[in-house]
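A quick write-up on the structure given underneath.
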Amino acid sequence: MKREAYRSLRNISREEPLGPGGSLCAGCGGLLALRLFHKALGENVIFVNAAGCFSLLALFPFTPLRSSWLYTAMACAPAGAQGIRDALDILRERGKLAPAADRKVVVVTGDGAAQDIGLQSTMAAIHRGLDFYYFCYDNEAYANTGFQTSASTPYGSRTATAPITPAFPLGVVQQRRDLFEIWRVQKPPYVATVSAADPLDLSEKVYRASKLSGPKLFIALSPCPPGWEAEPEKSVELARLAVETGIWPLKEAVYGQVSHTKVPRRFKPVEEYLASQGRFRHLFEPKRNDEAIARIQAAVEKYWKAVSDAVAPQEPLSNEAVG
Ligand code: SF4
């Protein structure tokens with residue numbers, strides 16, 4: 001991706017759209033990504049928040065955000081976004097809202113709402129071509145209710161609903177559902193994965209998306225210290241390791257055409273990423289599970305081989321791939 005607007009960190013705004021002292025967990029990777037996302041979007045944003053961890057971000061009458069915040073149930077954030085977009089369009093038609101004062105409408109959800117509970121209303125919004133942004137902080141579980149398995153939870157990880165037992169020594173055994181692909185096959189204007197550890201890539205993608213009208217998805221891998229069982233100060237490092245190991249490919253799709261925006265010159269072994277998190281501890285202790293680790297590594301390599309062969313991966317990067 002040729003960067004047009006964000007060539008150095010100096011290009012990132014020093015304005016803080018999101019104040020400190022909120023009630024989310026220390027080291028929340030999703031919040032780091034949202035902060036960068038908001039900086040790149042600029043002012044005049046209305047967030048529509050599906051119930052989840054980030055519902056604790058803005059608790060009436062207090063908010064750390066400079067933007068507006070509408071709280072909805074998990075299933076219906078895109079419907080809320082439609083209502084706001086319609087209201088803004090009516091105001092503009094009536095000359096009561098100047099084009100320069102128009103607002104960007106942004107749905108903010110976790111992966112639970114994005115992948116499961118809110119998928120129906122999201123699909124309908126994409127089908128209608130709603131002009132909105134959709135920011136998913138993907139912590140790979142239902143984190144705010146105690147870290148239960150979601151459709152985004154990786155294979156081989158432990159969650160509250162997939163504990164390690166003699167019958168299920170791997171924890172989660174299902175294939176991960178790929179939100180990027182679910183959106184991409186419908187060929188919306190813009191779909192991207194981002195990382196809080198790569199602010200330039202993230203910010204440039206917001207800039208590129210801002211030139212397109214219609215549904216625009218951003219999926220931010222969001223290290224979650226309590227759920228991933230990692231120290232809060234390790235969140236950025238984990239987000240970076242996910243990219244460096246190839247587990248979290250940074251990519252975009254413009255009207256369905258995929259390109260990878262950052263390909264590591266040399267991939268680190270996936271076990272560096274896995275071993276850094278307590279949710280994968282059973283793959284290493286009390287006895288190392290070489291077969292499971294090798295399976296995860298092989299799937300990542302298969303994915304990137306397809307990319308290097310310049311063939312669009314036929315299979316999404318599933319749990320089999322991301323471990
Ligand atoms: S539980 Fe995880 S995703 Fe939720 S606020 Fe805490 S760190 Fe963030």
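Annotations
- Residues (surrounded by 14 or more Cβ atoms within 10 Å (Cβ to Cβ), of a type in the set (A, V, I, L, M) and away from the ligand (no atom under 16 Å from the Cβ)) located in the range 6-31: 12
- Filtered residue count, the range 100-116, keeping only those that are under 28 Å from residue 186 (Cα atoms), in a helix (DSSP H, G or I) and open to solvent by 40 Å² or more (accessible area, probe 1.4 Å): 1
- Verdict on residue 119 being more than 24 Å from residue 67 (Cα to Cα) and surrounded by fewer than 19 Cβ atoms within 10 Å (Cβ to Cβ): yes
- Those residues of the range 140-155 which are open to solvent by 10 Å² or more (accessible area, probe 1.4 Å), more than 18 Å from residue 181 (Cβ to Cβ) and either among the aliphatic types (A, V, I, L, M) or within 13 Å of the chain's Cα centre (by Cα) (or both), in sequence order: 143
- Enumeration of residues in the range 156-198 that are within 22 Å of residue 273 (Cβ to Cβ), open to solvent by less than 30 Å² (accessible area, probe 1.4 Å) and under 15 Å from the mean Cα position of the chain (by Cα): 176, 178, 179, 180, 192, 193, 194, 195, 196, 197, 198
- Test: residue in the range 32-55 that is over 28 Å from residue 257 (Cβ atoms), within 16 Å of the ligand (Cβ to nearest atom), touching a residue at least 40 places away in the same chain (Cβ under 8 Å) and surrounded by fewer than 14 Cβ atoms within 10 Å (Cβ to Cβ): no
- Look at (1) over 20 Å from residue 189 (Cβ atoms); (2) open to solvent by 20 Å² or more (accessible area, probe 1.4 Å); (3) hydrophobic (A, V, I, L, M, F, W, C) and you find that residue 212 fails only one, number (1).
- In the set 281, 240, 295, 288, only one residue is under 30 Å from residue 209 (Cα atoms) and either open to solvent by 20 Å² or more (accessible area, probe 1.4 Å) or without any contact (Cβ under 8 Å) to a residue 12 or more places away in the chain (or both); that residue is 240.
- Candidates 97, 91 - the one that is surrounded by 15 or more Cβ atoms within 10 Å (Cβ to Cβ), part of a loop (DSSP other than H, G, I, E, B), away from the ligand (no atom under 16 Å from the Cβ) and without any contact (Cβ under 8 Å) to a residue 40 or more places away in the chain: 97
- Flag for residue 253 being within 16 Å of the ligand (Cβ to nearest atom), aliphatic (A, V, I, L, M) and either in contact with a strand residue (DSSP E or B) (Cβ under 7 Å, 6 or more places away or on another chain) or touching a residue at least 24 places away in the same chain (Cβ under 8 Å) (or both): no
- Residue 223 within 16 Å of the ligand (Cβ to nearest atom) and surrounded by fewer than 23 Cβ atoms within 10 Å (Cβ to Cβ): no
The values are calculated or read from the model by the stated rules, or taken from the named source; none is laboratory data. Because the structure is predicted, anything quoted here is derived from the model rather than measured. For neighbour counting, all protein chains shown are included, and Cβ atoms are generated from backbone atoms with ideal geometry for every residue, glycine included. Side chains included, ligands, DNA and RNA excluded: accessible areas come from the protein's heavy atoms. Shrake-Rupley method; radii C 1.70, N 1.55, O 1.52, S 1.80 Å.
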